[in-house]
1. What is the distance, in nm, between label points placed 7 Å from the Cα along the Cα-to-Cβ direction at residue 86 and at residue 107?
2. What does the net charge come to around residue 75 if you take all other residues with beta carbon closer than 15 Å to its beta carbon, with K and R at +1 and D and E at -1?
3. What is the distance in Å between the Cα centroid of the stretch 39-55 and that of the stretch 1-37?
4. For residue 57 and residue 1, compute 0.36 nm times the residue count separating them, minus their Cα-Cα distance, and round to one decimal in nm.
5. For residue 86, give me every one of the lysines with a C-alpha distance below 19 angstrom, ignoring sequence neighbours fewer than eight places off in its own chain.
6. Report the convex hull volume per residue for the chain, counting only C-alpha atoms, in Å³.
7. May I ask you to order 58-64, 15-21, 76-82, 90-96 by the average number of other C-beta atoms within 10 Å around their residues, highest value first?
Amino acid sequence: QVQLVESGGGLVQPGGSLRLSCAASRSIIGIGTMGWYRQAPGKQRELVASITRGGTTNYADSAKGRFTVSRDNAKNTVYLQMNSLKSEDTAIYYCNRDPSLPEWWGQGTQVTVSS
């Protein structure tokens, strides 16, 4: 079991940037691949980006070229740098293992992109 705490969300204008953080309660090296997910109102939760233990990354088409996922294994933290934000990026963002485990979902962090 692990507790994941997401932070860094907020209100940002279109074209702006945010950096999300996900702090784990224990070492993430043993977890393996970590992912960032999001759920917009009325939509299913989707995987946005993932990063393996060794740093290999993968992105949803909607995130390619704009989002960058990274991890600091020493700090047990995963990051999501989001640039050129669009209104359609508005959602609650969560981190979890990839593939996800139901019992690992945290509260998430709200990202709202609006002028």
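None of the figures in this text is laboratory data; all of them are computed from the coordinates on show. If you're wondering where the values come from, they're calculated on a predicted model, not measured in any experiment. Counting neighbours? That spans all protein chains shown, and the Cβs are built from the backbone with ideal geometry, glycine included.
1. About 3.1 nm, to one decimal.
2. Details: positive: 19, 26, 53, 71; negative: 6, 72.
After counting each charged neighbour, the total is +2.
3. 10
4. Numbers: separation 56, 0.36 × 56 = 20.16 nm, distance 2.40 nm.
Working it through step by step, the gained length comes to 17.8 nm.
5. Residue 86 reaches 43, 64.
6. Numbers: hull volume 10.2 nm³, N = 115.
So the per-residue Cα hull volume is 88 Å³.
7. On the way: 58-64: 14.1, 15-21: 15.9, 76-82: 21.0, 90-96: 22.9.
Output ranking for 58-64, 15-21, 76-82, 90-96: 90-96, 76-82, 15-21, 58-64.
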